[in-house]
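Below you'll find the structure, written out as structure tokens, and then a few comments.
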Amino acid sequence: MNPKTFFQSVRRRLGIDLQTEKYAYDVDEQFGYMSKAKIPDRWIPTTCGYCSVGCGLFIGVKKGKAVSVRGNQNHPVNEGRLCPKGLCEHDAINAPNRAKYPLLKINKRFQRVGWDWAIREMVGRFQTIQNKYGPESLGIIGTGQLVTEEFYTLGKLAQLGFKTKNYDGNTTLCMASAASGYKRSFGSDGPPGSYEDLEKADLVFLIGANIADNHPILCYRLEKNKRRVLIVVDPRVTKTAMMADIHLPIKPRSDIALLNGMMHILIKEEKINRGYIEKHTNGFEKLREDLESWTPDRVSDITGLTPERIRQIALLYGSANAPFIAWTMGVNHSAQGAETVNAICNLALITGNVGRVGASPFSITGQCNAMGTREAGFTSGLPGYRKFENPEHRKELAALWGIQEEIIPTSRGMAYPDIIEGVLTGKIKALWIIATNPLVSFPNQAYLLDCLERLEFLVVQDGYHPIPTSRVADLVLPAGVWGEKEGTYTNSERMVSKVNKAVEPPGEAKSDFDIFLMIAKELGVSESIYPHWKGPRDAFEEWKKVTHGRLCDYSGITYELLEKHGGIQWPFKEGSTRSPKESVRLYTDGKFETEDGRAKLWPIDWKAPSEVPDKDYPFWLNTGRTVEHWHTRTKTGAIPLLNRLSPEAWVEMNPRDAQNLKFQHGDYVRVESRRGVVERVILRVTETIAPGQIFIPFHYAEANANNLTVSDCDPISREPNYKQAAVRVERSIAVPLLERPKRH
Amino acid sequence: MPEESLIFEMMDKYNLPLKNRVGKEGYYAPRGNKITGTVLGVVEPIESLIPTEPLADGEQYRFHFDMSRCVGCQCCVVACNEQNNNPATVNWRRVGEIEGGIYPNAKKFHMSMACNHCLDPACLTGCPTDAYLKDPKTGVVRHKAEECIGCRYCTWNCAYGVPQFNKERGIVTKCDMCYSRLADGMAPACVAACPEKAIRIETVNVAEWLKDHSAADAPHMPDSSITISTTRITLPESMPEDTMRLNRHRVEPEEPHTSLIVMTVLTQLAAGGLMTLWLGSLLAHVVGFLKPLEEFQVFGASGILAVTGLALSASVFHLGRPLYAYKALRMWRRSWLSREILFFSLFSFAGAAYAALLLAETFLHLEFPEVILVSIGGIAAFSGMAGIFASAKIYLVPARPAWNTIRTPLRFFLTGFILGPLFSLVVYGLHLVFMGKNLTRESLGPVLCWLAISAVAGFSQLLVLFARLFQVNEGKNPELYDSALLMTRRFRVHFLLRIGLLTLNSFILPFFYLSSFLTRDAVSGIGTAVFAGISFLIALSSEFLGRYLFFVTVVPKNIPGGFFTESGGKH
């Protein structure tokens, strides 16, 4: 201890030093009285980098460091409100576990290397492997966390630079079912509704969406609506269920039965919109026939709701002026996810509730820019909601990019779970993972780890290191995170918002955009795919051209307009006379993106989940989230206050089950499935979960719920079935891990 | 919507109640009255989150918390810490969770609480340095950092766990309702951050609230009448009867306060010791067998003085700001903590004078009138007793039910009379060794008295300890129940050891020592000193242990916590 710190510590111990300066207050011009230490030199307007609600906020920058965050009162989405993660988002930038230098694993140990070396090594290894096993032996897994400009850039790099089709985003673990469902029903991805509908609907129907925990600011929008009935469908009594006028505690994964049952009743009662069906849809007769068998009694058997209640719900939906259906992971995270989305769209279509004010089937997205990757990503479709299979689309793009049409793939490559499986089958030899952490978030972790270990070369590009996935990497590329780069995000309601750079990335970390450009240069494709590109703005300008005339039309949007209005919903065509502030919906005229312009009605059959509880594994496992944490806690895990509020995983169990197993509230238990085990997790005995079911949040690497989940994926969307698995629960005999989250 | 919606009528027809609707007062979900079908055309809720009119005479600001609206998103907690730059361990606003009912009709509620800006703030009343101020204009209970010495007494006094010690600063800090923001017409950080508008600032008429403050009560909240909390709580319409705290498994020990263990036990030792000595010397005039005390008095008093010095210096280390310990005397008119310090200061001064006189008599062969000696000794002895009483009063706070009983003063005095006589015995034994004397049957009088007093006190202490385990009723007094549970489960070893040591010292050791006089006429000075030493050390450790348990097993009243959060920090 040097004399100065010693002196300081003595002064503090004696009580002379009260840290007065640190705890002083002063007036900030914009936000009034606040902690003086957090009053910045300037406020940088930007958009939150956690979830897809897309809240506007300001980052306070003081002496080159992000010191505070405040909500943007004028942002159309959140009007100044932020959730607890957003309120301390600057701490995610300043986290101690930031990746600062490129690290190359040499003799099983990470060595710091320069960027030149790192990029040369990466491209060299990838090329060697591609030369040996074919270009498709390189897999790339992206994210929903980058800015749209970066997604667009990465998509071109993967498909046109590295020439591998096997590129997908972790959005497949999240939103793929919504995207696939929309494509099947409406001919294109793109949620038709707006948040404004939450305020204008007279009936809000939430299916598998715990917005109070996962999208808290949507609760703010919903609460503005005083003339609505809120129905929440969820097997758990969630925080959101507590907000509801009617909570429907259905059995796990029985939502298709409920939706079919509702349609059955509405058709029987003639509470449907015949005119709309005739004018704007195909396949009604087949659907009607199929729904014959979905009598309330049958639905009651599957869902556990009374026939009476099912009837009431159906008639409420059918009688509402503007019923709004919104869903999240309860629907998407299912082996029947896309079909569930189709069932939802069916219900909305036959009642004519699509694209009207207050009425739409609306998928609430997960990550801040999952929408951006869906639009620009070049993963499950061509940029601008184009299709690989459509020669017209390929031709348009080839012309726009000035390349030969043949270079553009004619079909989609492997989806995320298939890329992982591809490692096992030997098709994938090298993998590049960007801004996602599968070693927490992927289902069936033992299987994933086995796959990752078989790779010849694994590159992890992330803002944080060490994280579970970066530990097993061969090369770690340190990336800038939110607050350190510029671009745009698109939120759930298709609102494009500006993301700005407030501070420099730490150490030698670079923005993902810069990293992609460096790689393209090394690959020798820089000028062909990124002609004269210098910054994200160049990518945005090209992206605008790509979207021109498409459903997701950005062509009227400029960075300057975004800065001015906080956010603008697409479609916003060049020369549009619409006020950027105005909410816009899709399919308001009943014209869909299908070939004949009609939406498609799909008869949907309900299938039981592949694994159901039995004698050996008697509990349903349900997984989900909590408001304090973001995904795999690479960001929030290092924020002391959020960690104090929610320091470790827990398992919820009904008191009746706990009594049978002789467990007490607060005991540590062990949860086991056929695939893996969580050795030690604290028990929360609560009536908010049904007997026979348990719930574990998936955020925590130390007690990873994904050790237990099944490998089942939706055959259409390829989205994994996270929400149902069979497990058993025993008393834990494991000692606490050394690496337990610190209690601050 | 332009056209009126049918579905509200349908909800009525199906007998499905609507939730969180507008009530007469303009807020959502008023207590207990079900409103169905009347949703349309009722009063709009008050949109402003803070009062728009200035305070009228006799009014103050208060929080309104609407439990039916809170979704437990923790925004208020984070916004508060951001506003005030507090470390993660200090949370001026906290969110608790309670649950009740049976699946699927289970209900779960969240309770966001900060300072209640009470009409009778116990933090303020107890503060020895006048660091608290009930703002005359707004009624906000404010804390002045510069005045605080970090004694943490307010953290014991508050039934809601509001004042929290900030280690980094060495002082207590608390919510001030974002006083300065309010003055500028801006909403406090928590109010502005709440996405559900569940927290608001409103005005309250003080006189009316004093008459009826039942709207401040809620399940699992400490009774609002303890300090007349001003926070109005709107309860949800359908609150189950059988709600439980989500953090019910989390009964954590409180701080042991080592320096306070040392300080209280040693001051009690000194006070008890001096009282026995003084009484003994007084009685020696009339009772023959106490005669040997007269020449011993000086050693006893000096020894006790040394212990007092040690105790008082130990107490300073309890403070977050030791240098400002002197400030603690300031509020002697109001605070028992100031009074404790006052009495023990008097005790040490009078004790010092007493010892000085005795020393002068013994070594300088001066003569003082007996009456002076007796009265100075008496002043010391009684101020010592008053000191113990003041000490005990400090712990008699309604916010800490396990302390707030007659047992606390009893155990403090008993500690004094267990250790005081034994300490005298030690000094006596050393005195014998020093003089090269033996302890004969004839001079056994004082020793017998000391042992008797100590044994009786020890036995009583044992009874007091057991008494604590009775009258615990989980429903009626959850804190006492939890406290007893903490002692007999988590601290079982300590607890059993305490019982064992008390038994050893009260019955076994004196028996063995005294029984040696059955076979001989005298025990050597060394033998006596050794016995006294062992006996004293065992008793001292036993009392330290007892005091440790006293501090750690007190379960304070508090607002409910979340599943993972203790209800605030340890204090």
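Structure above, values below:
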{"quantity": "Mean Cα-pair separation over length for chain B, i.e. relative contact order, pairs under 8 Å, 6 or more apart, %", "calculated": "18 percent"}
{"quantity": "Computed label-point distance, nm, for sites A:GLU21 and A:VAL472 using a 7 Å Cα→Cβ extension", "calculated": "4.8 nm"}
{"quantity": "Average other protein chain Cβ within 10 Å of Cβ, residues A:60-69", "calculated": "1"}
{"quantity": "Over 28 Å (Cα to Cα) - which of B:LYS134/B:LYS167; A:LYS63/A:LYS485; A:LYS200/A:LYS498; B:LYS108/B:LYS211 fall in this group", "calculated": "B:LYS108/B:LYS211"}
{"quantity": "Binned Cα-Cα distance frequencies in the range B:258-552 - 5 Å width, integer %", "calculated": "1, 5, 11, 16, 17, 16, 13, 10, 6, 3, 2, 1, 0, 0"}
{"quantity": "For the range A:72-149 and the range A:402-477, distance of Cα centres in Å", "calculated": "13 Å"}
{"quantity": "Shielding by partners - mean other protein chain Cβ count within 10 Å, residues of B:410-420", "calculated": "0"}
{"quantity": "A:SER579/A:ASN390 FRET efficiency (R0 30 Å; Cβ-Cβ; nearest 0.05)", "calculated": "0.35"}
{"quantity": "The range A:353-417 shape via C-alpha gyration tensor axes, a/c threshold 1.5", "calculated": "prolate"}
{"quantity": "Antiparallel DSSP beta bridges within chain A, percent to nearest 5", "calculated": "50 percent"}
{"quantity": "B:SER214-B:LEU469 pseudo-label distance in nm [points 7 Å out on the Cα-to-Cβ vector]", "calculated": "4.0 nm"}
{"quantity": "Per-residue Cβ neighbour rank within 10 angstrom, fewest leading, A:ARG253, B:ARG321, B:ARG250, B:ARG441", "calculated": "B:ARG441, B:ARG250, B:ARG321, A:ARG253"}
{"quantity": "Equivalent ellipsoid dimensions for the range B:51-245 as semi-axes, Å, which come from the Cα gyration tensor, largest first", "calculated": "26, 19, 17"}
{"quantity": "Largest-first ellipsoid semi-axes for the range B:240-295, taking √(5λ) over the Cα gyration tensor eigenvalues, angstrom", "calculated": "51, 15, 7"}
{"quantity": "At least 27 Å along the helix axis (C-alpha) and Kyte average at least 1.0, DSSP helices within chain B", "calculated": "B:258-284, B:293-316, B:336-363, B:370-395, B:407-435, B:445-467, B:525-552"}
{"quantity": "Pair B:GLU361, B:ILE526: separation of 7 Å Cα→Cβ label points (nm)", "calculated": "3.2 nm"}
{"quantity": "Per-pair calculated FRET efficiency, R0 = 35 Å: B:LEU329 and B:ASP223 via Cβ, rounded to 0.05", "calculated": "0.60"}
{"quantity": "C-alpha center-to-center spacing [the range A:6-47, the range B:238-302] in angstrom", "calculated": "43 Å"}
{"quantity": "Cβ crowding within 10 Å averaged over residues, with A:34-42, A:525-533 ranked highest first", "calculated": "A:34-42, A:525-533"}
{"quantity": "Equivalent ellipsoid, the protein assembly as shown (semi-axes from 5 times Cα gyration tensor eigenvalues, Å)", "calculated": "68, 34, 29"}
{"quantity": "Length-normalised contact order for chain A - Cα pairs under 8 Å, 6+ apart - percent", "calculated": "18 percent"}
{"quantity": "Exposure proxy ranking, count of Cβ atoms within 10 Å, fewest first, for A:GLU289, A:GLU628", "calculated": "A:GLU289, A:GLU628"}
{"quantity": "Inter-chain shielding of A:241-252 (mean C-beta neighbours from other protein chains, 10 Å cut-off)", "calculated": "4"}
{"quantity": "More than 26 angstrom apart: percent of Cα pairs within the range A:176-363", "calculated": "22 percent"}
{"quantity": "Within-12-Å neighbourhood charge of A:LYS545 [Cβ basis; K, R +1; D, E -1]", "calculated": "-4"}
{"quantity": "For A:THR626, net neighbour charge (Lys/Arg +1, Asp/Glu -1) across residues whose Cβ lies under 10 Å away", "calculated": "0"}
{"quantity": "Prolate/oblate/rounded label for the range A:500-563 (Cα gyration tensor, a/c 1.5)", "calculated": "oblate"}
{"quantity": "Cα gyration tensor, the range A:407-483 - rounded (a/c under 1.5), prolate or oblate", "calculated": "oblate"}
{"quantity": "10 Å beta-carbon shell around B:SER229, net charge (K/R +1, D/E -1)", "calculated": "-1"}
{"quantity": "Nearest-0.05 FRET efficiency for B:GLU370 and B:PHE434, computed from C-beta distance (R0 25 Å)", "calculated": "0.45"}
{"quantity": "Sorted by Cβ density within 10 Å, fewest first, the residues A:ASP234, A:ASP116, A:ASP514", "calculated": "A:ASP116, A:ASP514, A:ASP234"}
{"quantity": "Share of alpha-carbon pairs per 10 Å distance bin for chain A, given as whole %", "calculated": "3, 14, 25, 27, 20, 9, 2, 0, 0"}
{"quantity": "Counting all C-alpha pairs of the range A:1-147, share separated by more than 28 Å (%)", "calculated": "51 percent"}
{"quantity": "The range A:22-178 - percent relative contact order, Cα under 8 Å, separation 6 or more", "calculated": "11 percent"}
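Bear in mind that the values in this text are calculations on the coordinates, not laboratory data. This is a predicted model, so every value here is computed, not measured. We place every Cβ from the backbone using ideal geometry, glycine too, and count neighbours over all the protein chains shown.
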